[in-house]
Amino acid sequence: MNRLTIAMLSAVIAAGASACTDSDTMGTYGYDAGYLASNGIPTIELKSEDGQARVLLAPSLQGRVMTSTTGGEKGPSFGWLNYKALADGFVNPQFNPFGGEERFWIGPEGGPFSWFFEAGAEQVYANWNVPDLLDTEAYDVESATGTKAVFVKEQTLRNASGNEFTIGLRRVVTILEKTGIEELLGLDIPEEVRVVAYRTDNSLINRGATAWTKETGMPSVWILGMYPPSPTTTVFIPYDETYGGKIVNDEYFGKVPADRLQVDGGLIRFKIDGKYRSKIGLPAGSAKDICGSYDPQAGILNILKYTIPESECDYVNSQWGPQDDPYHGDVINSYNDGPTETGTIMGPFYEIETSSPAAPLQPNQTLTHTQYTVHLQGPTPILESIFNRIFLAKDMKLK
């Protein structure tokens, strides 16, 4: 299999040379593309036919989507980037929070089968470490065109129970044209609305000689997106009103106040302002296959669609420390950044996260988790009409 190394990316980058064009205006796609280039981070750019919709990828940062835009170099940059961390490079032995609007991680984070704690270690922040596979390792570029890039990687990891796994990763990122986005959403997008969307297919492959089981622990695909917050942004997560269990877990960092979290009428509303550290999650059975966020002041509507199997599956539990059930975890999470107990703050940013079921794979078997990210920018009345059709309809399932 032919793979492009980071050193061989110059031809690919040259094909999308505008990704390295600097811009003086912070908050634009051109500024962020130029900042990455000036700090020696190679990128691959995917473009729509008209060149306005663009998606910027970083192979050296696990093939993550760093940012995207609806309007070329001068258009808004939708991803949150940690400029200081990007300039400093790989300096943090625990975790280098570079940002990016979609990255590939592996769950669970905590519990007996965690990838982030060594066997026997107390699961507290001082002992928490992000595996190199998810933080500092570059992914190989198997192929790249102007509309699709394929990244691969393989590594052996040991979980908190001391069990060893040889894991293959495969990540395919594809930009969508407007007709494909309309088919996905099940509606026509008016000319007044600019749009960019991409699909990622994220696969775990058992490259070892033994099966992954409940007894040994099972990994899951964990996709995290980081975005800039604002006082007028709200995350919206539909839920199944017939679900008999707890609809939402809102106690990750202490219970979320009622003025920041509303659960009513089949829709969760989570206030996002980067000023109050809080996190929520929905378990299997409660979650549907869509979520998103809306900022009426900026005129930006974000929609995420992701795969949820129709059959009942186990989802890994990422709660730190001892667990009653390691396979009763969340399908979707959202995080609002804010000051910690010491007053420090990493961002601010906010996150929307989706997860695959746990992967009970035999040797050479594969599990794939697919996610679509759609950014719509336009007049408030039109965006609100789209929002109402997608999030307030009772059957809120996208095609």
* Structure fact -> Mean-square fluctuation maximum in Gaussian network of the chain, Cα pairs under 10 Å, restricted to SER311, SER114, SER38, hits SER311
* Accessible area per residue in Å² at 1.4 Å probe, computed on the stretch 269-399 -> 43 Å²
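When ligands, DNA and RNA are left out and all protein chains stay put, how many square angstrom of accessible area per residue does the stretch 123-200 have with a 1.4 Å probe?
Per-residue value: 42 Å².
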* **Cβ-defined net charge surrounding SER230, 9 Å radius [Lys, Arg +1; Asp, Glu -1]** => -2
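Suppose the chain between GLN52 and SER311 were pulled fully straight at 0.36 nm per residue; how much longer would it get relative to their current alpha carbon spacing?
Numbers: separation 259, 0.36 × 259 = 93.24 nm, distance 3.93 nm.
Working it through step by step, the gained length comes to 89.3 nm.
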* To do: Go through LYS288, LYS84 and list them by solvent-accessible area, largest first, probe radius 1.4 Å.
  => LYS84, LYS288
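Treat every Asp and Glu Cβ in the stretch 257-399 as -1 and every Lys and Arg Cβ as +1, leave all other atoms uncharged, and give the resulting dipole magnitude about the Cα centre to the nearest 20 debye.
Its charge dipole is roughly 460 debye.
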* Asked: Among rounded, prolate and oblate, which fits the stretch 125-268 when a ≥ b ≥ c are the square roots of the eigenvalues of its C-alpha gyration tensor, a/c under 1.5 means rounded, and a/b larger than b/c means prolate?
  -> oblate
* Structure fact -> Heavy-atom accessible area per residue of the stretch 60-119, all protein chains kept, 1.4 Å probe, expressed in Å², is 28 Å²
* Spatially proximal aspartates and glutamates relative to LYS275 (Cα-Cα < 20 Å; intrachain offsets below 8 disregarded) -> GLU101, ASP250, GLU251, ASP259, ASP295, ASP337, GLU341, GLU351, GLU353
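Send over the Kirkwood Rh of the stretch 172-247, from the inverse of the averaged 1/r over different Cα pairs, rounded to one decimal Å. Before the final figure, lay out each step's value.
Values: mean 1/r = 0.0571 Å⁻¹.
Result for the stretch 172-247 stands at 17.5 Å.
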* Cα atoms only, the stretch 28-135: Rg and Dmax in Å? -> 16.2, 55
* Give, in nm to one decimal, the length gained when the segment between GLU154 and THR25 is fully stretched (0.36 nm per residue of separation minus the Cα-Cα distance). => 42.6 nm
* **Listed residues GLY265, PRO360, THR242: farthest to the positive end of the dipole of the stretch 238-372 (Cβ charges)** => GLY265
* Report the dimensions of the chain along its three principal axes from the alpha-carbon atoms, largest first, rounded to Å. => 53, 52, 43
* To do: Multiply the residue gap between GLU118 and LYS74 by 0.36 nm, knock off their C-alpha separation, and tell me the result in nm, one decimal place.
  => 11.3 nm
* Can you find, among GLY378, ASN336, GLN319, the residue farthest towards the positive end of the dipole of the stretch 263-399? Put +1 on the C-beta of Lys and Arg, -1 on that of Asp and Glu. => GLY378
* Carbon/sulfur fraction of accessible area - the chain, other protein chains in place, 1.4 Å, % -> 49 percent
* Asked: Taking the simple approach of a point 7 Å from Cα along Cα-to-Cβ for both PHE253 and THR216, what is their distance in nm?
  -> 3.6 nm
* What are the ³J(HN,Hα) values, in whole Hz, obtained from phi via the Karplus relation 6.51 cos²θ - 1.76 cosθ + 1.60 with θ = phi - 60°, for each residue of the stretch 354-359 in sequence order, with x given for Gly and Pro? -> 10, 9, 7, x, 4, 9
* Structure shown: which of LYS84/LYS288; LYS47/LYS305; LYS148/LYS271; LYS148/LYS279; LYS74/LYS148; LYS74/LYS178 lie over 25 Å apart, alpha-carbon to alpha-carbon? -> LYS84/LYS288; LYS148/LYS271; LYS148/LYS279
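Output the Kirkwood hydrodynamic radius of the stretch 322-399, Cα pairs only, in Å rounded to one decimal.
For the stretch 322-399, inverting the mean 1/r across all distinct Cα pairs yields 17.1 Å.
The values are calculated or read from the model by the stated rules, or taken from the named source; none is laboratory data. For clarity, every value in this text was computed on a predicted model and none was experimentally measured. Methodologically, a virtual Cβ is constructed for each residue, glycine included, from the backbone with ideal geometry; neighbour enumeration extends over all protein chains shown. Surface areas here come from the heavy atoms of the whole protein model, side chains and all, with no ligands, DNA or RNA. Shrake-Rupley method; radii C 1.70, N 1.55, O 1.52, S 1.80 Å.
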